[in-house]
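These notes are about the structure you will find just below.
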Amino acid sequence: MNTLLQRIAELGVLRLGLLTIAALISIFATPPGTGLNPYGWAALPTLVLPAAAPLVLFVILFDVLMSCVQLSAANEESRVHWKRVLTVDMAFIVLLITTWWPYFEVVFTVAN
């Protein structure tokens, strides 16, 4: 258990915050076909989360790019760390895409 906590801590505070936001956005993904409601708390799942999901996805993709840059210049000891960071980032990218794909598929489907 201690090594798991150490590995989580090795990711860094900012990356952990980003991944926590990504996990929360994935947990509260808006169901497909949900109508827009701009008033009160209903605006959160109908307006805020669908707008935030792609932004968080692109920030994680940017983190992947920067991690690849760090990996290319890292020594052997640091390479393990950056490969672990890349693995975690890619897992969260897959999580975001799989949870939000049904919603955006409906949004971007042209009605006949």
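The values are calculated or read from the model by the stated rules, or taken from the named source; none is laboratory data. Remember, it's a predicted structure, so these values are computed and weren't measured experimentally. All Cβ positions, glycine included, derive from the backbone under ideal geometry; neighbour counts span all protein chains shown.
Tell me whether segment 61-83 contains one or more residues that are under 20 Å from Leu16 (Cβ atoms), charged (D, E, K, R) and assigned to a helix (DSSP H, G or I). Yes: one or more hits. In segment 20-33, the qualifying residues are those that are outside any helix (DSSP H, G or I) and surrounded by fewer than 15 Cβ atoms within 10 Å (Cβ to Cβ), and the one that is modelled with the lowest pLDDT is Gly33. Pairing each residue of segment 90-112 that is more than 29 Å from Cys68 (Cβ to Cβ) with any residue that is at pLDDT below 95 and exposed (fewer than 13 other Cβ atoms within 10 Å of the Cβ), provided the two are 6+ apart or on different chains, yields C-beta distances under 6 Å for Val106/Gly33. So Leu47 passes all but one of these: (1) touching a residue at least 12 places away in the same chain (Cβ under 8 Å); (2) more than 14 Å from the chain's Cα centre (by Cα); (3) surrounded by 13 or more Cβ atoms within 10 Å (Cβ to Cβ). Which condition number does it fail? In the conditions (1) touching a residue at least 12 places away in the same chain (Cβ under 8 Å); (2) more than 14 Å from the chain's Cα centre (by Cα); (3) surrounded by 13 or more Cβ atoms within 10 Å (Cβ to Cβ), Leu47 misses (1) alone. A single entry from Leu55, Leu49, Leu95 fulfils the requirement of being of a type outside the set (Lys, Arg), in a helix (DSSP H, G or I), within 18 Å of Leu11 (Cβ to Cβ) and modelled with pLDDT of 95 or more: Leu95.
Any residue at all in segment 66-76 that is touching a residue at least 40 places away in the same chain (Cβ under 8 Å) and either of a type outside the set (Phe, Trp, Tyr) or touching an Asp or Glu at 6+ places or on another chain (Cβ under 8 Å) (or both)? Checked against the condition, which is being touching a residue at least 40 places away in the same chain (Cβ under 8 Å) and either of a type outside the set (Phe, Trp, Tyr) or touching an Asp or Glu at 6+ places or on another chain (Cβ under 8 Å) (or both), segment 66-76 yields no hits at all. When Leu4 is tested against (1) hydrophobic (A, V, I, L, M, F, W, C); (2) more than 15 Å from Thr99 (Cα to Cα); (3) in contact (Cβ under 8 Å) with a residue 60 or more places away in the chain, exactly one condition is not met: (3). Going by the structure shown, is Gly17 surrounded by fewer than 14 Cβ atoms within 10 Å (Cβ to Cβ) and touching a residue at least 60 places away in the same chain (Cβ under 8 Å)? Judged against the criteria, Gly17 is not a match.
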